[in-house]
Each structure stands twice: as structure tokens, then as C-alpha cells.
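Student: Below are the C-alpha cells for one structure; questions will follow.
The values are calculated or read from the model by the stated rules, or taken from the named source; none is laboratory data. Every value quoted in this text rests on a predicted model; they were computed, and no experiment measured them. Glycine gets a Cβ as well: all are built from the backbone with ideal geometry, and neighbour counts include every protein chain shown.
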Amino acid sequence: MKSRELLLAVIIVALVGLIATRFPAFARPANLANVLNDTSILIMLALGQMAVILTKCIDLSVAANLALNGMVVAMLNATFPGLPIPLLMLVALCLGAALGAVNGLMVWKLDIPPIVATLGTLTIYRGAIFVLSGGAWVNAHEMSPAFKALPRASLAGLPVLTWIAIVAILAVWVLLTRTPLGRAFYAAGGNPHAAIYTGIDVGRTRCAAYILSGALAGICGYLWVSRYAVAYVDVAGGFELDVIAACVIGGVSIAGGIGSVGGAILGALFLGVIKNALPVIDISPFWQLAISGTAIIAAVAFNARAERTKGRVILKSAETA
Amino acid sequence: MTDARIVPDRLDTRASRLLRSWEALLLALAVAIFIANAFASPYFLDPWNLSDATFNFTEKAMIAFPMALLIISGEIDLSVASIIALASTAMGHALSLGAGTPELVLIGLGTGLICGAFNGLLVTRLGLPSIVATIGTMSLFRGVAYIVLGDKAYTGYPEAFATFGQGYVAWVVSVEFVLFWILAAAFAVLLHVTSFGRTVYAIGNNPTAALFSGIRVVRVKFLLFLMTGLFSGLAAVCLTSRLGSTRPSIALGWELEIITMVVLGGVSILGGSGSIFGVVIAAFVLGMVTFGFGLMNVPGIVMSIFIGVLLIAVIALPRLIARLRPHRHA
């Protein structure tokens, strides 16, 4: 698992190096910080999605959840410009967590297959944005300056958006590697039956993963809308696939139980580097979709091959023994 | 030997009994929606309007039938809408090189077949989980369409080509609607009458047991992916013919609507059970809901809330009822 992350890191560095041979400006720290900042939202969503996938589930509703929260805070800000921004972020965090809990409860209490439950909430949450806003946009001039300024504000050389992502990374890392709940995520997906026998409530663990994914989506909703200074129904349309792609490229197994914070970050960064590099090397942005598709297939094929050779080794040693 | 025969038999009747009641419920829902629509709008019962309404589901249902088989076998294909985009782009490209109608149709179907074979190879040869593999090809296929077309579009399809999506067999009965019924009948026979259909259920219920009982699991799954690709190609022919143009964003998001149709039709997303009859009714339910809401000027996105709730409700309800049942016994 470690070697896989190393390989991905080497590929990303090689990619940046290759681009830098022709466009040295791309590898400058300032630009790399830009790429990191641009990828921050994807990284945060990928961390939440990873927790869900670890438990053998999937969350297709993250982007819709993000967009709904973005619309809610943008409308709150437009109507009550006096509300402090931290309060709005808290609203987004709680509402996002609640929407995640809806997914989690359906999977836990009603035993609905995760893909169906979140497919349903994906369309419901998107529709709710339309009902809420009446299809209208919340534009930059309707938002208060403080609302738009926060993610851009610089703190010790990095934008606040990047800092929020760093805090989220640390928090999820501590949660996954240093707490019983984090271990339960792995156990619930790695072997649900064994997890039950060791006293882990698999349903509750899954619900917790959905709440984490939802809470991160909520925060990202505010960040997305304030960063691009516009909120409308189709914000982040189809972004859930980028998030899942980041996880898969980062080595998170869709079968559950396998994945790491480092892998998810690198998977997101890989997509982020490609997205930012295409305009620099003068390739039409229309190539991006095909490239990320190819990367997903290559990454899954690599995962599958790694898992299969492991099986063969065990068989061989059993035969020789 | 007798034990081995009792187990699948019992599973079978229980499943089919459940399905029968499921389809009855769905049929009642379809009738209720039809009547509600007829009361809600004076324009609903017009034969031409009803004929137009069928276009809301015919193309999607063409893919939903093979998708039902694929999901019953325990796999899924999320790339179908992207196959439509790529097949349509291939047809548009051939058109710009001077291809006639027969060539266009062949190229549309052929592209679908190749895409299906590619998905099938990824899943059966490389052993990739189909949900991730087809998320990948979903980006790849549409990505290629974007590379070829960018923000441009292919237009100017020949008049003969328009027959598939705009033609009528007789009076208000469209070519697509006839195609829909032919495919429904063909897939019903394939799934419910032939031994191939039985193997699909067997694989979905227990792939290991199916393999050990001599079923060529890999080959059947590959064929199902091939079929899903081919009929996505057919849907691409019909949709392109109906719209008369190709853009890379064609049929965007259809994969979710098609899967909704299949699941609403009573096919278990976990594999192993479902029927074509259910998918046919689900197609009508979704088509009429969309059309009825459209007549009442309800925006499309509000309809999608209804469809999302419907999708969750139809799966949650039987589970809630099943949970109440043991209480009654106890």
C-alpha cells in the first residue's frame, strides 16, 4: 500500500517535471501552491468519500449536497448580509452532516443499497436547490465582501481555503488512524461479518461515514460558492465522479476496507495537476475528461492486478509447503 | 442431489411471487398516474400527445432491457450514456466523410458493440469491478466525443436517416415505439424462456455456484456487456435521428435515469431477481410522470425530485413491510 502511494507521488512529480522542462513557470512554488489551492475542495470531498467507500458504501450525492449547502449559505448571506461568516460555515457544516445522515440512515435503518439511496438523494438534493432558489442565481454583487473574501484571504503565505483543507486532512487522518471509529471504518468494509462479531455496529459505522462525507460536502459548499462568487442549481454538476475518481486513483478499493488519507490526497492532486497543466501545455480542456477516464481505468487495473498477484503468492507457498 | 434441487426451487418461487406482487403494485401506480394525468390536463388524452409522450422513454428503455439483464447478473454499466455520445459522434464524423444512411446505422451499432466489448474485456478479462471500470469508460467514451467535437456539433443528417427517430409506422404509432415493443418481447423471451436467461439469474444469485455447475460465467457476462453496448448504439441511432444533430453532451445523465427505470421495475440492484415486464411498466410510469408534469408546466428538475423519492420509496416500502411482518407472527 505504501509502495502504491510512493508510485503515485513519483508519477505526479514526474508529470510536473515533464511539464517544467518546457514551461518552467509551472513548477514554481507559487504555481504549485495555486494547484494545491485549486484542488483543496476535491481533496476534502475525496477524504469524506474515502471514509464512505472504506465501509463498502458509496456516496453519489456529495456534489448535490455541496451545491445545496452552497445555495443555502449564499441565500442566507444575500438576505442577511450581517450574519457572521463562521456562523454560515457552521450552518453549512451542520446541514451537510444532516443531509449525509439522511443517506446514512437509509443505508443503516432501511438497508437500502448505498448506490440506490445516494442516487435518489442526488436527484432530490439537486431538485431542492431549484425549489429553494426558484431557479434563480445568487450573483457576486448580492454576496457580502466578507463572504467572498474568506477563502482568498492569505494566512502565512497560503490562502485560507488551503488551510481549511490542511485542517480537514489532519482531522481525517487522526480520525482514521488514531480513533476506534476510524478503525471501525476499515473493519466494517474489510469484513462486515467479522466486524459484527468483534462488536462493531456496521450500520452505525456506515452512517457515521456518511455524516463525515456530508459535513465535508457542507463546508465545501460554502467554499465553492464563495470562491467562484456565484450560486446556481448546477454548481459542481457531475463532480461526484471526479471525487470517486480521485479515491480510485489514490488506491481506495471500491470493495471496501482498503485506502489511506495519503492515497486519497495524491489521487486528488493527480487530477488537479492534470486539470491545471492542460491549459499551460496548450491542450484543449476537452481532453481532460478522456484523460481522467483513462487514469481511472489504469488505476483500477493496477489495483486489481496487485490484489490478484497477492492471491497467487499465497497459493504458491501453500503448494510448496 | 434432491437437496440441491430443493434449494433453488424454493428461492425461485419465493422470488417470483414477490415479483408478481411488485409488478401488480407498479401497474396500479401506472394506471393511477394515467388517470391523474387525464384529469389534470385536458390535453393528455390526445392521441398525438400520448404518442409524443412515448419518446420520453423509448430510447432509454432500449438500453434498460439489456441493463436489466446485466444488473440481474450482478454487474452494472454506467457508461451507456457515454456510449450514446461516442456512437453519435462516430456517426456524425462518418456523415462529414459522406456516409449514407445504411453506413451511419452500421457505424452507430458498431461503435456501441466495440464500446460494449471494451467494458466486457475490462470486467471479465482484467477482473475489474464493473461499477468503477464503467465510471472510467463513462469519462473515456464521452471524453473522446469531446476531443473530436469540442464545442461544435454535427448536423445535416440525411432525410432517410430521420425515419428511425421521427418516422411513424401507422397513424400515431412511431417507429421507436414499435422497436420498443419488439425489444421488450425479445428480451422477455431471452430472460424468461431461454436457458441463457436462467444462467443470468444463476450468475446473479451465486456466481461461484453457477461456475461450478458448468455455466460459462465469464462468457455470459461478456455477452451481456456486448449486448448493452449494442443497444446503446441502437439508442444512439434513434436519438441522433430524432434530434437531427450530435453534440458531445448528448444524453448527458441518462445512465442514472436508465438505472432508475431498471430498479423501479423491480430488478434487485444486488442481482439475482427482476423481470422485463416490470421494466416495461417502469418505463411507462417514468415516461408518463415526465409527460404529465410537463403538461402541467412543472419544471424538469422538480420532476427529478419526484423520481428520486419514487426510487427510494419503492425500495424502502417492501423492506418496511417485511420488517412489520415478523412482529405479526410473534
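Student: Only one of B:VAL280, B:VAL267, B:VAL262 is among the aliphatic types (A, V, I, L, M) and either at pLDDT below 90 or assigned to a loop (DSSP other than H, G, I, E, B) (or both); which?
Tutor: Going through B:VAL280, B:VAL267, B:VAL262 in turn, just one is among the aliphatic types (A, V, I, L, M) and either at pLDDT below 90 or assigned to a loop (DSSP other than H, G, I, E, B) (or both): B:VAL267.
Student: I'd like the full set of residues that are away from chain A (no Cβ under 11 Å), crowded, with 24+ Cβ neighbours inside 10 Å and modelled with pLDDT of 90 or more, limited to the stretch B:243-259.
Tutor: Within the stretch B:243-259, B:THR246, B:ILE250, B:ILE258 meet the criteria.
Student: Just wondering, is there one or more residues in the stretch A:158-167 that are within 14 Å of chain B (Cβ to nearest Cβ) and of a type outside the set (S, T, N, Q)?
Tutor: Step one: filter the stretch A:158-167 for residues within 14 Å of chain B (Cβ to nearest Cβ), giving none.
No: zero hits.
Student: Hey, another quick one. What are the residues in the stretch B:306-324 that are of a type in the set (Val, Ile, Thr) and within 17 Å of A:ILE115 (Cα to Cα), if any? Break it down into steps so the answer makes sense when it comes.
Tutor: Going through the stretch B:306-324, the residues of a type in the set (Val, Ile, Thr) turn out to be B:307, B:309, B:312, B:314-315, B:321.
Scanning the stretch B:306-324 gives B:ILE307, B:VAL309, B:ILE312, B:VAL314, B:ILE315.
Student: Any residue at all in the stretch B:147-157 that is without any contact (Cβ under 8 Å) to a residue 60 or more places away in the chain, buried (at least 17 other Cβ atoms within 10 Å of the Cβ) and part of a helix (DSSP H, G or I)?
Tutor: yes
Student: Identify the residue in the stretch A:105-134 that is closer than 30 Å to A:VAL160 by Cα and not hydrophobic (A, V, I, L, M, F, W, C) and, among all such residues, is nearest to the other protein chains (Cβ to nearest Cβ).
Tutor: A:ARG126
Student: Within the stretch A:279-290, can you find the residues that are under 20 Å from A:ASN34 (Cβ atoms), assigned to a helix (DSSP H, G or I) and within 12 Å of chain B (Cβ to nearest Cβ)? Give the steps one after another, and end with the answer.
Tutor: Step one: of the stretch A:279-290, the residues under 20 Å from A:ASN34 (Cβ atoms) are A:279-283, A:285, A:288.
Filter once more, keeping what is assigned to a helix (DSSP H, G or I): A:279-280, A:288.
Selection gives A:GLN288 alone.
Let's see how each residue does on (1) surrounded by fewer than 24 Cβ atoms within 10 Å (Cβ to Cβ); (2) touching a His at 6+ places or on another chain (Cβ under 7 Å); (3) assigned to a loop (DSSP other than H, G, I, E, B):
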residue: B:PRO42; (1), (2), (3): yes, no, yes
residue: B:MET62; (1), (2), (3): no, no, no
residue: B:ILE83; (1), (2), (3): no, no, no
residue: B:LEU109; (1), (2), (3): yes, no, no
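Student: Return the only residue of B:LEU243, B:LEU320 being over 22 Å from the mean Cα position of the chain (by Cα) and either closer than 23 Å to B:ILE33 by Cβ or among the aliphatic types (A, V, I, L, M) (or both).
Tutor: Numbers: B:LEU243 fails: over 22 Å from the mean Cα position of the chain (by Cα).
Sole residue among the options that is over 22 Å from the mean Cα position of the chain (by Cα) and either closer than 23 Å to B:ILE33 by Cβ or among the aliphatic types (A, V, I, L, M) (or both): B:LEU320.
Student: A further question on this structure: Restricting attention to the stretch B:107-131, which residues are under 19 Å from the mean Cα position of the chain (by Cα) and under 17 Å from B:SER73 (Cα atoms)?
Tutor: B:GLY116, B:ALA117, B:ASN119, B:GLY120, B:SER130, B:ILE131 - these are the residues of the stretch B:107-131 that are under 19 Å from the mean Cα position of the chain (by Cα) and under 17 Å from B:SER73 (Cα atoms).
Student: Still on this model: Return the residues of the stretch A:280-294 that are under 24 Å from B:ARG247 (Cα atoms) and touching a helix residue (DSSP H, G or I) at 6+ places or on another chain (Cβ under 7 Å); say none if nothing qualifies. Spell out the reasoning first.
Tutor: Step one: list which residues in the stretch A:280-294 are under 24 Å from B:ARG247 (Cα atoms), which gives A:282-294.
The answer is A:PRO285, A:PHE286, A:TRP287, A:GLN288, A:LEU289, A:ALA290, A:ILE291, A:SER292, A:GLY293, A:THR294.
Student: Identify the single condition in (1) modelled with pLDDT of 85 or more; (2) among the polar types (S, T, N, Q); (3) within 20 Å of B:THR58 (Cα to Cα) that B:SER273 does not satisfy, given that it satisfies every other one.
Tutor: (3)
Student: Applying the selection to the stretch B:268-315, what residues are more than 10 Å from chain A (Cβ to nearest Cβ) and among the β-branched types (Val, Ile, Thr)?
Tutor: To start, the set of residues in the stretch B:268-315 that are more than 10 Å from chain A (Cβ to nearest Cβ) comprises B:271-298.
Answer for the stretch B:268-315, where residues must be more than 10 Å from chain A (Cβ to nearest Cβ) and among the β-branched types (Val, Ile, Thr): B:ILE276, B:VAL279, B:VAL280, B:ILE281, B:VAL285, B:VAL289, B:THR290, B:VAL298.
Student: Follow-up question, since we're still on this one. Could you tell me which residue of the stretch B:44-54 is farthest from the chain's Cα centre (by Cα), considering only residues that are in a helix (DSSP H, G or I) and surrounded by 14 or more Cβ atoms within 10 Å (Cβ to Cβ)?
Tutor: My answer is B:ASN49.
Student: Sort out which residues of the stretch B:283-308 are surrounded by fewer than 18 Cβ atoms within 10 Å (Cβ to Cβ) and either in a loop (DSSP other than H, G, I, E, B) or modelled with pLDDT of 90 or more (or both), and write them in order of number.
Tutor: Hits for the stretch B:283-308 are B:MET296, B:ASN297, B:VAL298, B:PRO299.
Student: When B:HIS192 is evaluated against the numbered criteria (1) out of contact with any Phe, Trp or Tyr (no Cβ under 8 Å at 6 or more places or on another chain); (2) touching a residue at least 12 places away in the same chain (Cβ under 8 Å); (3) farther than 28 Å from A:THR121 by Cα; (4) buried (at least 16 other Cβ atoms within 10 Å of the Cβ), which criterion, by number, is the only one it fails?
Tutor: (4)
Student: Out of the residues in the stretch A:96-112 meeting the condition of being not small (Gly, Ala, Ser) and not in a loop (DSSP other than H, G, I, E, B), tell me which one is modelled with the lowest pLDDT. Reasoning before the result, please.
Tutor: The first filter runs over the stretch A:96-112 and keeps only residues not small (Gly, Ala, Ser), leaving A:99, A:102-103, A:105-112.
Those left that are additionally not in a loop (DSSP other than H, G, I, E, B): A:99, A:102-103, A:105-109.
On the way: A:LEU99: 97, A:VAL102: 96, A:ASN103: 96, A:LEU105: 95, A:MET106: 94, A:VAL107: 94, A:TRP108: 94, A:LYS109: 91.
Of everything passing the filter in the stretch A:96-112, A:LYS109 is modelled with the lowest pLDDT.
Student: Do you know which residues across the stretch B:159-174 are assigned to a helix (DSSP H, G or I) and in contact with a strand residue (DSSP E or B) (Cβ under 9 Å, 6 or more places away or on another chain)?
Tutor: From the stretch B:159-174, those assigned to a helix (DSSP H, G or I) are B:160-166; that's our starting set.
Within the stretch B:159-174, B:GLY165, B:GLN166 qualify.
Student: If you don't mind, there's one more thing I want to ask. Kindly list the number of the only condition in (1) loosely packed, with under 14 Cβ neighbours inside 10 Å; (2) within 25 Å of the chain's Cα centre (by Cα); (3) modelled with pLDDT under 90 that fails for A:ILE115.
Tutor: Condition not satisfied by A:ILE115: (1).
This table checks each residue for (1) modelled with pLDDT of 95 or more; (2) buried (at least 23 other Cβ atoms within 10 Å of the Cβ).
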| position | (1), (2) |
| --- | --- |
| A:ALA171 | yes, no |
| A:TYR210 | yes, yes |
| A:LEU216 | yes, yes |
| A:ILE219 | yes, yes |
| A:GLY238 | no, no |
| A:ALA246 | no, yes |
| A:GLY251 | no, yes |
| A:GLY257 | no, no |
| A:ALA264 | yes, yes |
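Student: Kindly provide the set of residues from the stretch A:242-293 that are β-branched (Val, Ile, Thr) and on the phi > 0 side of the Ramachandran plot, ordered by number. Break it down stepwise before answering.
Tutor: As a first pass, look at the stretch A:242-293 and keep what is β-branched (Val, Ile, Thr): A:243-244, A:248-249, A:252, A:254, A:258, A:261, A:265, A:273-274, A:280-281, A:283, A:291.
If the condition is that a residue be β-branched (Val, Ile, Thr) and on the phi > 0 side of the Ramachandran plot, then no residue fits.
Student: With the stretch A:1-95 as the region, which helices (runs of 4 or more DSSP H) entirely inside it contain at least 2 residues that are in contact with a strand residue (DSSP E or B) (Cβ under 6 Å, 6 or more places away or on another chain)?
Tutor: Numbers: elements: A:2-22, A:29-54, A:62-79.
In the stretch A:1-95, A:62-79 are the helices (runs of 4 or more DSSP H) which contain 2 or more residues that are in contact with a strand residue (DSSP E or B) (Cβ under 6 Å, 6 or more places away or on another chain).
Student: Take the residues in the stretch B:117-151 that are of a type in the set (D, E, K, R) and within 16 Å of B:ALA251 (Cα to Cα), then tell me which one is farthest from the other protein chains (Cβ to nearest Cβ).
Tutor: First, the residues of the stretch B:117-151 that are of a type in the set (D, E, K, R): B:125, B:142, B:151.
Now restrict to residues that are within 16 Å of B:ALA251 (Cα to Cα): B:142, B:151.
Details: B:ARG142: 6, B:ASP151: 8 Å.
Here the answer is B:ASP151.
Student: Could you check B:THR58 against (1) farther than 21 Å from B:LEU122 by Cβ; (2) more than 10 Å from the chain's Cα centre (by Cα); (3) hydroxyl-bearing (Ser, Thr, Tyr) and say which number it fails?
Tutor: Evaluating B:THR58 over (1) farther than 21 Å from B:LEU122 by Cβ; (2) more than 10 Å from the chain's Cα centre (by Cα); (3) hydroxyl-bearing (Ser, Thr, Tyr) leaves (2) as the failure.
Student: Count, please, the residues in the stretch B:85-103 that happen to be touching a residue at least 40 places away in the same chain (Cβ under 8 Å) and surrounded by fewer than 24 Cβ atoms within 10 Å (Cβ to Cβ).
Tutor: We begin by selecting, within the stretch B:85-103, every residue touching a residue at least 40 places away in the same chain (Cβ under 8 Å); these are B:85-89, B:91-93, B:95-96, B:100-101.
Next, from what is left, pick out any that are surrounded by fewer than 24 Cβ atoms within 10 Å (Cβ to Cβ): B:93, B:95-96, B:100-101.
Qualifying residue count for the region: 5.
Student: Please pick out the residue among B:SER73, B:SER79 that is crowded, with 24+ Cβ neighbours inside 10 Å, within 18 Å of the chain's Cα centre (by Cα), within 10 Å of chain A (Cβ to nearest Cβ) and within 23 Å of B:GLY204 (Cα to Cα).
Tutor: Just one listed residue meets the conditions, B:SER79.
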